[in-house]
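Following: one structure in structure tokens, then a few remarks.
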Amino acid sequence: MTPKGREPEPEPQRMPEHLPVRIVPDLIVLAGGRGSRLGGAAKPSVAVAGRTLLSRALDARALAGRTVVVG
């Protein structure tokens, strides 16, 4: 019951259940900075087990819609 003089709140909109909803996130890689804790090394080009940090971060592209690398 609504207070006198107030209209009832509308029902929330719902997506039809027969339509699948898939949310695809975008990937933003922050690959810049001074690298002061790495002795001034460029962080994206630092290699770990034979692969650069940037290439490891970009492995997530398969799950992303758009990819942006900020250097």
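Does segment 2-21 contain at least one residue that is of a type in the set (A, V, I, L, M, F, W, C), loosely packed, with under 10 Cβ neighbours inside 10 Å and in a strand (DSSP E or B)? Write out each step before concluding.
Here is the first cut: in segment 2-21, the ones of a type in the set (A, V, I, L, M, F, W, C) are 15, 19, 21.
Next cut, loosely packed, with under 10 Cβ neighbours inside 10 Å only: 15, 19, 21.
Subset that is in a strand (DSSP E or B): none.
Checked against the condition, which is being of a type in the set (A, V, I, L, M, F, W, C), loosely packed, with under 10 Cβ neighbours inside 10 Å and in a strand (DSSP E or B), segment 2-21 yields no hits at all.
Residue-wise test of (1) of a type outside the set (Gly, Ala, Ser); (2) without any contact (Cβ under 8 Å) to a residue 12 or more places away in the chain.
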| site | (1), (2) |
| --- | --- |
| GLU9 | yes, yes |
| VAL24 | yes, no |
| GLY32 | no, no |
| ARG37 | yes, yes |
| ALA49 | no, yes |
| LEU54 | yes, no |
| LEU63 | yes, no |
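Quick check on segment 22-71: of everything there that is assigned to a helix (DSSP H, G or I) and basic (Lys, Arg), which residue is most open to solvent (accessible area, probe 1.4 Å)?
Initial filter on segment 22-71 (assigned to a helix (DSSP H, G or I)): 36-38, 43-45, 53-63.
Filter again for basic (Lys, Arg), leaving 37, 43, 56, 61.
Numbers: ARG37: 227, LYS43: 76, ARG56: 89, ARG61: 131 Å².
Per the criteria, the residue is ARG37.
The values are calculated or read from the model by the stated rules, or taken from the named source; none is laboratory data. Since the model is a prediction, treat every value here as computed from it, not as a measurement. Please note: Cβ atoms are built from the backbone with ideal geometry, for glycine as well, and neighbour counts cover all protein chains shown. Ligands, DNA and RNA are stripped out before the accessible areas are found, and what is left, the full protein with its side chains, is counted by its heavy atoms. Shrake-Rupley method; radii C 1.70, N 1.55, O 1.52, S 1.80 Å.
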